[in-house]
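For reference, the structure is listed below as structure tokens.
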Amino acid sequence: MRKTILLLLVGLFIFGCERAFFEDEPTDTYVSNFEVFWSEFDRNYSFFELKNIDWDSLYDVYRPLAELAVNDDQFFQVLARLSLELKDGHVNVVSPYGVSTYDFANGEKPAGAENVKSHLYNVKQAGGSIEYAELIRQNVGYIHIKTFGGDIGDYEKIDDILEALKKEDGIIIDVRSNGGGSTTKSQTVASRFADKERLYLKVKYKNGPGHSDFTDWDERTVSPEGPFQYKKPVVVLTDRKTYSASEEFVLAMRLFPQVTIVGDTTGGGSGNPILRELPNGWTFRLSSWIAADPDNNTYEGIGLFPDVVVLNKSQNPLDNTDYALLEAMRVLDKQ
């Protein structure tokens, strides 16, 4: 009798533990996946207060839509639409049914920027990330940094590039349509133009469940590095597709006395994205810090303003003139 009771108690204990275990585990339903998605943002996303976003009210709108989803594609559309409410180029949902991406450039494709090669000769590649050349009509060098991603070795070639362009009277650095990459790589390039150590960026990390829970400001500096510093005049070309780590490059470069920023306002992407995974295997990214310039001015969703504004647009659809490049040439000609 005792043995029977003992076995019964053991069985109840195992069943109870098993039930508790499964209740703690998120089940793979549309609603449970939505809850994980919403909760991860609620705890870790950095811009709710800065952008005045009522995340709770969006829960009330989108959770019923998750309940109504009848297939994976519909559920992806729910998460995609919710993520786009944040207006953040660092927020994405990746699924077999597509990738949600916020168009921070508002569909703009600046006229003429792709026609820059007609002004160049002796074009050379430095890995897959950088190309450099000389201007045909002016004693000026040109460096096109396509991305700050890729191999760190590409950016360490900046010393060789500057040596090759040393005889020129100045340099144009083109970071238009550069969507970012690594802070380390952008800082590596910027350090070759630094006149002294300068504070160029401040960041504070999300570190608690409340929307206002952040670390203190962490200060980032850029200092002179490399075999020599480039002190001749420099123009940096920007547009609305200059984003993320390339904006950090602009933040550093605009502090140096020999540098002028020419073009359009940058894209305004200051968040440092972290990657998360849903129970169904889909992944998503969210911004996890707030960045600011040395004066505590944030630029998320705003961008960085150039010294000389050139929108590089024309009312004539056949006009492929690169007005920003021409203005950069005029700026250097005056110096």
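Which whole-Hz couplings ³J(HN,Hα) result when phi for each residue of the stretch 178-189 is put into the Karplus expression 6.51 cos²θ - 1.76 cosθ + 1.60, θ = phi - 60°, listed in order with x for Gly and Pro?
Computed from phi, the couplings for the stretch 178-189 are 7, x, x, x, 10, 4, 4, 6, 5, 5, 4, 5 Hz.
Accessible area, 1.4 Å probe, largest first: how do R254, R192 sort?
Values: R254 85, R192 25 Å².
If we order R254, R192 from most to least accessible, we get R254, R192.
When the helices in the chain are scored as -39500 (n - 2.57) per DSSP H run of 4 or longer and the sum is shared across all residues, what 222 nm value do you end up with, to the nearest 500 deg cm²/dmol? Don't skip to the end; give the middle numbers.
On the way: 9 runs with 105 residues, N = 335.
Computed mean residue ellipticity for the chain: -9500 deg cm²/dmol.
From the backbone phi of the stretch 61-68, what are the Karplus-calculated ³J(HN,Hα) couplings (6.51 cos²θ - 1.76 cosθ + 1.60, θ = phi - 60°) in whole Hz, Gly and Pro given as x?
Result, rounded to whole Hz: 7, 8, 4, x, 5, 5, 5, 7.
Using amide H atoms built in the peptide plane, which far-off residues or other-chain residues are under 5 Å from V236 H to H?
Sorted by chain and number, the residues that satisfy this are I173, T260, I261, V262.
Given springs between every Cα pair under 10 Å in a Gaussian network model of the chain, which of L201, L50, L251 has the largest fluctuation?
The residue with the greatest mean-square fluctuation here is L50.
By accessible area of protein heavy atoms, probe 1.4 Å, what ranking do R43, R276 get, highest first?
Values: R43 120, R276 80 Å².
The ordering from most to least exposed comes out as R43, R276.
Order 266-272, 193-199 from most to least packed using the mean count of other Cβ atoms within 10 Å.
Numbers: 266-272: 26.9, 193-199: 16.0.
Top to bottom by mean Cβ count within 10 Å: 266-272, 193-199.
Per residue of the stretch 322-335, what does 6.51 cos²θ - 1.76 cosθ + 1.60 with θ = phi - 60° give for ³J(HN,Hα)? Whole Hz please, x for Gly and Pro, Karplus curve as stated.
So the Karplus estimates, Gly and Pro as x, are 8, 5, 5, 5, 4, 5, 4, 5, 5, 4, 6, 5, 7, 9 Hz.
List every residue whose amide H lies under 5 Å from the amide H of G149, counting only residues 5 or more places away in sequence or on a different chain, with H placed 1.01 Å from N in the peptide plane.
S182
The values are calculated or read from the model by the stated rules, or taken from the named source; none is laboratory data. As the structure is a computational prediction, the values presented were derived from the model and not from experiment. Heads up, the Cβs are rebuilt from the backbone with ideal geometry, glycines too, and the neighbour counts pull from every protein chain shown. Accessible surface is based on the protein model in full, side chains and every heavy atom, while ligands, DNA and RNA are left aside. Shrake-Rupley method; radii C 1.70, N 1.55, O 1.52, S 1.80 Å.
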